[in-house]
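Trainee: Got a structure for you, written out below as structure tokens; questions coming shortly.
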2 protein chains.
Amino acid sequence: MFLGCNSFMVKVVIAGSCGLDDIESKAGKVENVLGGSAIYASLSASHFCKPGLISAYGDDFSSKYLEMLKTKGIDLTGFQEVDGPTFHWKGSYVDDINDAKTLQTDLNSLLKFKPVVPEEYKDAKFVLFGNTDPEQQLEMLKQFDSPEFVVADTMNFWIDTKKEKVLELIEKTDLVLMNNFEASLVYGTHNLLEAADKLLENKKFALIKKGEHGALLFSKNSTFSAPGYPVRTVKDPTGAGDTFAGAFLGYLSNQSEINESNLRKAIIYGSAAASLNVEDFSVNTLFNSSIEKIESRVNEFRKLVEF
Amino acid sequence: MFLGCNSFMVKVVIAGSCGLDDIESKAGKVENVLGGSAIYASLSASHFCKPGLISAYGDDFSSKYLEMLKTKGIDLTGFQEVDGPTFHWKGSYVDDINDAKTLQTDLNSLLKFKPVVPEEYKDAKFVLFGNTDPEQQLEMLKQFDSPEFVVADTMNFWIDTKKEKVLELIEKTDLVLMNNFEASLVYGTHNLLEAADKLLENKKFALIKKGEHGALLFSKNSTFSAPGYPVRTVKDPTGAGDTFAGAFLGYLSNQSEINESNLRKAIIYGSAAASLNVEDFSVNTLFNSSIEKIESRVNEFRKLVEF
């Protein structure tokens, strides 16, 4: 079900990492499972449209994973095969389910990834850059013709080491995904309203995520508070932010207009997908999910805030 | 305007501290201003009903403060004058607006306070115990005939030092006000849903506050997420929790039934009053506020979560 999305063109493009993860939490342990920002985001967006994937995988990447992505209707024109092994991340949530402890990182295929936008993707209207070096994100952005809505993820590491580039990214995209700590770091204030004011200086909308506490969307005249969904058992929070971003942009790509009302709904769809995803390891939930399951979770969000 | 509350009887009783505070924040500095848990809560509740106050003040307590409390319709039968100075607290929010640094505490009148419930208050239907020693809260609770709904505030200090008594308080009252850290401390889990399950073992409802991130209300079959209101300039957060509790109980005391729908609204009324209160020092906003101002803030809460 593509909700009116024309499946013959790639209207939504998602660029970022693809990896094989070893993950452990109190709920168990998995090895060499599908991961990476672009993978989570594409699988999440695939419930709403046919996303085009820009990423790279190594020669150890299982063909079963390629089939999984195709089954979900993801266009793989921009999914590059490179020599050597796939990016590998090993992390643990045993001590704290909200804070990944990185046990090992082998960049592998990430180092060989060419940030090249395929011809077929250049007229995409919706673009998502998963968290990576802001210079690479800006380099890819230049290659698109005239996207309507561009979202980029970032993190404290880039804000600490390449703040100027993050600020350029904020200026040149429609939305940079930051949480409250990252927004504080960029603008030097713990007051989220002050950070939002700065973001709104040359933007219509500013989004600040608050982890388990939800997210805030600011515009010049109003504020939206999206709740965090109380998940009973978080098995694996890996990729929650990417899952949010994928469904957020996927939902938006089906709307006739980017306005506050649709952005509010997009945040709830993103949060719904993310809340489902953390209930199982890796991309299991996303792969087995459906738009109906996401809609059902969206309805639970409605009941959650009703008074 | 008492919203149907019969002003000839004391249906709501609020017990707790009364103090004179010195407070400084980046917004300024005030000295010897009215404070204390029962004062904030009573002034907040006074927008909804005529609360009876059980507290104590010293011989340095200004008669102008007594007049202020009377003007707001607060019954002072249980407000004891004791020898010596009033409880005095000096705190600073200059370093962190969300975390009070205590500079000085003089217990004074608090030590002379007799936890005695006046005859006129014994048939009260709604009772709020501000944060204090749980043994004192339990001692006062015994003196009421058959209250319909009893709320008690507590804090990490009592959970650390008198956990058994806090557990008894949880068992014997309808709602103990705790934030996420305090609930974790009581039940030894960071998972709020697990803490809520424990609270719901012998209760219909469990409330867990999350500071600036709002609050969660749990019942057997549903969860309510109340947003935090993004206050532009917090001048003085002192008494925010007491203000919440006062308006929460005041609102409930006017409803025909204690059910989930009314509890959800009571949480929003409490949050609205608290969000107004932090916009100025001491009880200034509460004293100058009106039910209309609170209703108007409640409407802003509605817009905040609409999608």
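The values are calculated or read from the model by the stated rules, or taken from the named source; none is laboratory data. Predicted, not measured: the structure shown is a model, and the values here were computed from it. All Cβ positions, glycine included, derive from the backbone under ideal geometry; neighbour counts span all protein chains shown.
Trainee: What number of residues within the range A:143-159 satisfy the criterion of being farther than 19 Å from A:GLU260 by Cα, acidic (Asp, Glu) and assigned to a loop (DSSP other than H, G, I, E, B)?
Mentor: Number satisfying all stated conditions: 1.
Trainee: Hey, could you check the range B:169-199 for residues that are within 13 Å of chain A (Cβ to nearest Cβ) and part of a loop (DSSP other than H, G, I, E, B) and say which is nearest to B:ALA100 (Cα to Cα)?
Mentor: B:HIS190
Trainee: Something else: For the range B:238-264, what are the residues that are closer than 21 Å to B:ASN277 by Cα and out of contact with any strand residue (DSSP E or B) (no Cβ under 8 Å at 6 or more places or on another chain)?
Mentor: Scanning the range B:238-264 gives B:ALA240, B:THR243, B:ALA247, B:TYR251.
Trainee: Can you name the condition, by its number, that A:TYR65 falls short on among (1) in contact with a strand residue (DSSP E or B) (Cβ under 7 Å, 6 or more places away or on another chain); (2) surrounded by 20 or more Cβ atoms within 10 Å (Cβ to Cβ); (3) in a helix (DSSP H, G or I)?
Mentor: (2)
Trainee: Give all pairs with beta carbons closer than 7 Å in which a residue from the range A:223-236 that is facing chain B (nearest Cβ under 7 Å) meets a residue that is among the β-branched types (Val, Ile, Thr) and surrounded by fewer than 22 Cβ atoms within 10 Å (Cβ to Cβ); count only pairs at least 6 apart in sequence or on separate chains.
Mentor: A:PRO230/B:THR223
Trainee: For the list (1) aliphatic (A, V, I, L, M); (2) part of a strand (DSSP E or B); (3) more than 15 Å from the chain's Cα centre (by Cα), I need the number of the one condition that B:VAL10 fails.
Mentor: (2)
Trainee: Shifting gears a bit: State all residues of the range A:248-306 that are within 14 Å of chain B (Cβ to nearest Cβ), outside any helix (DSSP H, G or I), within 20 Å of B:GLU306 (Cβ to Cβ) and of a type in the set (D, E, K, R); if no residue qualifies, say none.
Mentor: Scanning the range A:248-306 gives a single hit, A:GLU306.
Trainee: Does the range A:226-244 contain any residue that is out of contact with any helix residue (DSSP H, G or I) (no Cβ under 6 Å at 6 or more places or on another chain) and under 22 Å from A:SER146 (Cα atoms)?
Mentor: No: zero hits.
Trainee: I would also like to ask the following. I'd like to check something: does the range A:199-206 contain any residue that is crowded, with 20+ Cβ neighbours inside 10 Å, over 30 Å from B:THR189 (Cβ atoms) and touching a strand residue (DSSP E or B) at 6+ places or on another chain (Cβ under 9 Å)?
Mentor: Yes; the residues of the range A:199-206 include at least one that is crowded, with 20+ Cβ neighbours inside 10 Å, over 30 Å from B:THR189 (Cβ atoms) and touching a strand residue (DSSP E or B) at 6+ places or on another chain (Cβ under 9 Å).
Trainee: Taking B:THR86 as meeting all but one of (1) crowded, with 22+ Cβ neighbours inside 10 Å; (2) under 22 Å from B:ASN288 (Cα atoms), write down the number of the exception.
Mentor: Exception for B:THR86: condition (2).
Trainee: Quick one: A:THR243 ticks every box in (1) within 13 Å of chain B (Cβ to nearest Cβ); (2) surrounded by 24 or more Cβ atoms within 10 Å (Cβ to Cβ) bar one, so which box is it?
Mentor: Of (1) within 13 Å of chain B (Cβ to nearest Cβ); (2) surrounded by 24 or more Cβ atoms within 10 Å (Cβ to Cβ), only one is false for A:THR243: (1).
Trainee: Any idea which of (1) assigned to a loop (DSSP other than H, G, I, E, B); (2) farther than 26 Å from A:TYR251 by Cα is the one A:PRO115 doesn't satisfy?
Mentor: (2)
Trainee: Within the range A:210-221, track down each residue that is more than 7 Å from chain B (Cβ to nearest Cβ) and not charged (D, E, K, R).
Mentor: A:GLY211, A:GLY214, A:ALA215, A:LEU217, A:PHE218, A:SER219, A:ASN221
Trainee: The conditions are (1) touching a residue at least 40 places away in the same chain (Cβ under 8 Å); (2) part of a strand (DSSP E or B); (3) within 30 Å of B:GLN143 (Cβ to Cβ), and B:THR105 fails exactly one of them. Which is it?
Mentor: Here B:THR105 clears every test but (1).
Trainee: In the list A:SER63, A:SER55, which residue meets the criterion of being modelled with pLDDT of 95 or more, polar (S, T, N, Q) and under 17 Å from the mean Cα position of the chain (by Cα)?
Mentor: Result: A:SER55 is the single residue among A:SER63, A:SER55 that is modelled with pLDDT of 95 or more, polar (S, T, N, Q) and under 17 Å from the mean Cα position of the chain (by Cα).
Trainee: Which condition breaks for B:GLN137 when tested against (1) within 22 Å of B:LEU20 (Cβ to Cβ); (2) polar (S, T, N, Q); (3) surrounded by 19 or more Cβ atoms within 10 Å (Cβ to Cβ)?
Mentor: The number of the failed condition is (1).
Trainee: For A:SER256, work out the one condition from (1) farther than 30 Å from A:GLY28 by Cβ; (2) in contact with a helix residue (DSSP H, G or I) (Cβ under 8 Å, 6 or more places away or on another chain); (3) without any contact (Cβ under 8 Å) to a residue 12 or more places away in the chain it doesn't fulfil.
Mentor: Only one criterion in (1) farther than 30 Å from A:GLY28 by Cβ; (2) in contact with a helix residue (DSSP H, G or I) (Cβ under 8 Å, 6 or more places away or on another chain); (3) without any contact (Cβ under 8 Å) to a residue 12 or more places away in the chain is unmet by A:SER256, namely (2).
Trainee: Mind telling me which of the residues A:SER282, A:SER261, A:SER271, A:SER253 ends up being modelled with pLDDT of 95 or more and at positive phi?
Mentor: Among A:SER282, A:SER261, A:SER271, A:SER253, only A:SER282 is modelled with pLDDT of 95 or more and at positive phi.
Trainee: Ok, one more. Name the residues in the range B:212-231 that are outside any strand (DSSP E or B), more than 22 Å from B:GLY91 (Cβ to Cβ) and over 17 Å from the mean Cα position of the chain (by Cα), would you? Outline the logic, then answer.
Mentor: Here is the first cut: in the range B:212-231, the ones outside any strand (DSSP E or B) are B:212-214, B:220-222, B:227-231.
From what's left, more than 22 Å from B:GLY91 (Cβ to Cβ): B:213-214, B:220-222, B:227, B:229-230.
The answer is B:HIS213, B:LYS220, B:ASN221, B:SER222, B:PRO227, B:TYR229, B:PRO230.
Trainee: Next question. Which ones in the range B:202-214 are closer than 15 Å to B:ASN262 by Cβ and at pLDDT 95 or above?
Mentor: Listed by number, the residues that qualify are B:PHE205, B:LEU207.
Trainee: Among the residues of the range A:20-51, what is the count of those that are over 17 Å from A:ASP153 (Cα atoms) and either without any contact (Cβ under 8 Å) to a residue 60 or more places away in the chain or part of a strand (DSSP E or B) (or both)?
Mentor: Qualifying residue count, the range A:20-51: 14.
Trainee: Among the residues of the range B:101-142, how many are in contact with a helix residue (DSSP H, G or I) (Cβ under 6 Å, 6 or more places away or on another chain) and at pLDDT below 95?
Mentor: Adding up the residues that qualify gives 2.
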